[in-house]
Amino acid sequence: MKIDSSLAAVVTGGASGLGLATVKALRAAGARVAIFDLNPETGEMAAAQTGAVFCRCDVLSDESVDEAFAGARAAQGQERVLVCCAGGGNAIPTARRDKETGEIRIFPSDKFEWVLQLNTVGTFRCITRAAAGMMTLEPIDGERGAVVNTASAAATEGQMGQAAYSAAKAAIVGMTLTIARDLAREGIRVNTIQPGIFHTPAMARATPQMLEALGKMVPFPPRLGRAEEYASMALEIVRNAYVNGETIRLDGAIRMQPR
């Protein structure tokens, strides 16, 4: 699929990190882009910085997602590209014993469910809306649209405390081929990027020493991934019409250790 000024795209979680880098890359290629994000302050700032359109969006809500897509389409037309970067997680052991009191605590079910809702259901919620919109378009070179999802190395090598996040990201990997098959007859491709350790705002709280240690865990290149490298992969997936139903690791060959 050609990326130029005739193309409209939506990036969820587009106000920071991997999403913002993807917005910048799409805009640099000429595409019209809508940023979906929960935070109006960072969203408006990112839109002003990139020349994109900001649409406040809570991926946990059907109504909010519907309103965001309606706003994006009113501003820039029906999207042919959706990149899903919205997500998050927590770090809670499945069950643990307090070292001081001996009290046994379990992972609260509501906190587990929230991570699945945010990552898996939120991603799927956006895919369904985008796919329905893309189906109204006429194909260009046989294609109506392309979807890029974001999983994580935790989908296959979750570290201690990442049970919910691992389950949520593994579900995104697991549904990728199925959704690609569902939408194949409509000319809509669906792929997923599985990033390793990337330098994103979530990592900003780490000390320089910790970031250096994390980088040394990566076989090659021995550093954290750059958001621009994720964006480059996302754009190549959009451009390459033969990439479909695939999960692509982007991790410098790292395989995560237990902790």
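Nothing in this text is a laboratory measurement; each read-out follows from the coordinates by a stated rule. Since the model is a prediction, treat every value here as computed from it, not as a measurement. Ideal geometry is used to build each Cβ from the backbone, glycine not excepted, and the neighbour counts take in all protein chains shown.
Based on the Cβ-Cβ distance from GLU228 to ARG105, what FRET efficiency comes out when R0 is 51 Å, to the nearest 0.05?
0.80
Note down the nm distance, to one decimal, between modelled labels 7 Å out along Cα→Cβ at ALA95 and at GLU212.
4.1
I want to verify a result. In a Gaussian network model of the chain, Cα cutoff 10 Å, which of these has the top mean-square fluctuation: ARG185, ARG249, ARG129?
ARG185
With a ≥ b ≥ c the root eigenvalues of the C-alpha gyration tensor of segment 1-131, is it rounded (a/c under 1.5), prolate (a/b larger than b/c) or oblate?
Prolate, because a/c is 1.5 or more and a/b exceeds b/c.
Among the DSSP beta bridges whose two residues both lie in the chain, what percent are antiparallel, rounded to the nearest 5?
Roughly 15 percent of the DSSP beta bridges within the chain come out antiparallel.
If you keep only loop residues by DSSP, which chymotrypsin sites (Phe, Trp or Tyr not before Pro) in segment 190-259 have at most 15 other Cβ atoms within 10 Å of their Cβ?
TYR242
GNM, the chain, Cα, under 10 Å: largest mean-square fluctuation among ILE188, ILE197, ILE104?
Among ILE188, ILE197, ILE104, the largest GNM mean-square fluctuation belongs to ILE104.
Work out, step by step, the length gained on full extension between ASP4 and THR156: first 0.36 nm times the residue separation, then minus their alpha carbon distance; give nm to one decimal.
51.2 nm
So between MET203 and ARG181, what do we pick up on full extension, going 0.36 nm a residue minus the alpha carbon distance?
Once the chain is fully extended between MET203 and ARG181, it gains 4.4 nm.
Quick one: among ASP98, ASP62, ASP37, which has the greatest mean-square fluctuation in a GNM of the chain with alpha-carbon springs under 10 angstrom?
Between ASP98, ASP62, ASP37, it is ASP98 that shows the largest mean-square fluctuation.
Using DSSP, restrict attention to beta bridges with both residues in segment 29-166 and report what percent are antiparallel, rounded to the nearest 5.
The antiparallel fraction comes to roughly 35 percent.
Can you give the local net charge around VAL59? Use residues other than it whose beta-carbon is closer than 14 angstrom to its beta-carbon, Lys and Arg +1, Asp and Glu -1.
Net of charged neighbours comes to -3.
Quick one: give the max-minus-min coordinate of the C-alpha atoms of segment 81-198 along each principal axis, largest first, in Å.
Dimensions of segment 81-198 along the principal axes of its Cα atoms: 65, 25, 21 Å.
State whether the chain is rounded, prolate or oblate according to the following rule on the C-alpha gyration tensor (a ≥ b ≥ c being the square roots of its eigenvalues): a/c under 1.5 gives rounded; otherwise a/b larger than b/c gives prolate, and the remaining case gives oblate.
Prolate is the answer for the chain, as a/c is 1.5 or above and a/b outweighs b/c.
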